[in-house]
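Q: To start, I am sharing the structure in question, which I have written as structure tokens.
Readers should treat all values here as calculations from the given coordinates under stated rules, not as data from a laboratory. Fair warning: this is a prediction, and the values are worked out from it, not measured in the lab. Virtual Cβ from ideal backbone geometry, glycine too; neighbours counted across all protein chains shown.
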Amino acid sequence: MSQPKVSIIVPVYNVEKYLERCVKSLTQQTLEELEIILVDDASTDASLEICKKFAAEDARVKVLHKENEGAGMARNAALQVATGTYIGFVDSDDFVEPDMYKTLYEKAEKYNSDLVMSGVIFVDGNMFSEAGETERRTFFEADTQFETEEDLKKLRMGIVGATPDDAEDSKYGMSIWKNLFRHEIIKKNNLVFESEREMLSEDAIFMIDYIACIRKATGIHEAFYNYFRNAASISKSYKKDRFEKSLVFARAVEERFQKDIAPKDYQVYINRFWQAMCRVLCSQEIMHAAEAHMPYTALKQQLKAICTHKLSVRALRDYPLRKLPFMQSVFAYAMKYRLYFVLKVLVGLRSK
């Protein structure tokens, strides 16, 4: 086979329930010149066998098997062997629409763009929605070009956060999986993923680093990526060190922005991001406390640690909270004034 137009990288770890749906959505793409790299991260279920089955059936499917190091390191291993002109990333419990990579590839070629960004379809419920619900979210009304240095700075900031007038916490979406990347840029600049075991949102850091190296990006209106979430996903993903990892991420973002963006420009974006992160952190603590039957006094201490941290104080202190969407505004006021019982009630209402 000649050089693939797109290499799609899929980290795999104990996802036997969803893996076939994911890989079928890739092998059935209308763009046929693909390379699909499945990286088994030392799964203990039948995931590796499923990967090998697809490789035996379709020559475009390659399987890597490695020691367990997490999704970021799995993506790095795949980047070492990928041969496509462009790179796409998919999580193994998600799936994509048939025309996703044909459309992204054609847009990249049409505009000679180093990055093409699309929307996302949230599938099933989480703690703030019902099981069976879907939500289609797009970030651009029409094909939108980012070509100037100022455009690309705003794009980097808008990946992480948003302004008070924006409806969503991230203006353009933080995740890598809805986008297409030029492989040459990644290789030339030795770009790699950080480990999610060290920091949260390692894919957003990759996005920031990547955009700092490109000359043009394109946003499109379409949404192809089905991001699967379930009602227990947030409570099941509870980690005691999530707050610390979030702080590592926030510091990493600010260090990058400080190199070429004035604090007065980027701070409002980071403040919006940190508010969103604190909502998730507080919600996880509250849901975990309920499941673990923790006393309210113990929960209150956890919430206090989040809400009184200097980053939280800075993010809330002078922020125009009234401009936020209503529920975000209510949650933010409760965090700002340390109304921990109100936070508990809000999460209880939203998770019912």
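Q: In sequence order, what are the phi-derived ³J(HN,Hα) couplings for the range 98-115 according to the Karplus relation 6.51 cos²θ - 1.76 cosθ + 1.60 with θ = phi - 60°, rounded to whole Hz, with x for glycine and proline?
A: Once θ is set to phi - 60°, the couplings for the range 98-115 become x, 9, 4, 6, 5, 5, 4, 4, 5, 5, 4, 5, 4, 9, 6, 9, 8, 8 Hz.
Q: Going through the range 253-323, which trypsin sites (Lys or Arg not before Pro) have at most 11 other Cβ atoms within 10 Å and a DSSP loop state?
A: Loop-located and lightly packed - LYS259.
Q: Helix-only mean residue ellipticity at 222 nm, the chain, DSSP H runs n ≥ 4 weighted -39,500 (n - 2.57), per residue, nearest 500. What is it?
A: Result for the chain: -14500 deg cm²/dmol, rounded to the nearest 500.
Q: Take VAL268, VAL61 and order them by how many other Cβ atoms sit within 10 Å, fewest up front.
A: VAL268, VAL61
Q: Taking neighbour Cβ counts within 10 Å as the exposure measure, how do MET117, MET199 sort from fewest upward?
A: Fewest-to-most Cβ neighbours within 10 Å comes out as MET199, MET117.
Q: Also: Over the alpha-carbon set of the range 150-212, work out the extent along each principal axis and list the three values in angstrom, largest first.
A: Largest to smallest, the principal-axis extents are 37, 30, 18 Å.
Q: For the range 6-231, what is the convex hull (Cα atoms) projected area averaged across all directions, in square nanometres?
A: The Cα convex hull of the range 6-231, projected and averaged over all directions, gives 12.2 nm².
Q: Another question, if that's okay. Please list, in chain and number order, the residues 5+ apart from GLY84 or on another chain whose amide H is under 5 Å from its amide H, with Hs placed from the backbone.
A: Result for GLY84 returns SER7.
Q: Please give the charge dipole size of the chain, origin at the Cα centre, charges +1 on K and R Cβ atoms and -1 on D and E Cβ atoms. Round to the nearest 20 debye.
A: Magnitude of the dipole: close to 1500 debye.
Q: Which value results for Rg/Rh of the range 29-100 when Rg is the Cα radius of gyration and Rh the Kirkwood radius based on the inverse mean 1/r? It would help to have the intermediate numbers written out before the result.
A: Values: Rg = 12.2 Å, Rh = 13.0 Å.
Checking Rg against Rh, the ratio lands at 0.94.
Q: Angle, helix 71-81 long axis vs. longest principal axis of the chain, Cα atoms, 0 to 90°, nearest 10?
A: 20
Q: Taking the 0 to 90 degree range and rounding to the nearest ten, how far is the long axis of helix 47-57 tilted relative to the main principal axis of the chain, both from C-alpha atoms?
A: 30
Q: Still on this structure: Give the Kirkwood hydrodynamic radius (Å, one decimal) of the range 238-350, defined as one over the mean of 1/r across all pairs of different Cα atoms. Show your work: numbers first, answer last.
A: Values: mean 1/r = 0.0683 Å⁻¹.
Mean inverse Cα-Cα distance, inverted, gives 14.6 Å.
Q: Can you give the angle from 0 to 90° between the axis of helix 149-160 and the longest principal axis of the chain, with both taken from C-alpha atoms, to the nearest 10?
A: Helix 149-160 and the main axis of the chain meet at about 70 degrees.
Q: Moving on. Between LYS17 and VAL280, with labels modelled 7 Å along Cα→Cβ, what's the label distance in nm to one decimal, could you check?
A: Using points 7 Å along Cα→Cβ, the separation is 2.0 nm.
Q: Something else about it: Filter the GluC sites (Glu not before Pro) in the range 20-76 to those in DSSP coil with at most 14 other Cβ atoms within 10 Å of their Cβ, and list the result.
A: GLU32, GLU67
Q: Between the DSSP loop rule and a limit of at most 15 other Cβ atoms within 10 Å, which trypsin sites (Lys or Arg not before Pro) in the range 24-57 are left?
A: Those that pass, being in a loop and sparsely packed, number zero.
Q: Under a plain spin-label model, where a point goes 7 Å from the Cα along Cα-to-Cβ, how far apart in nm are ASN68 and VAL81?
A: My value for the distance between the label points is 2.1 nm.
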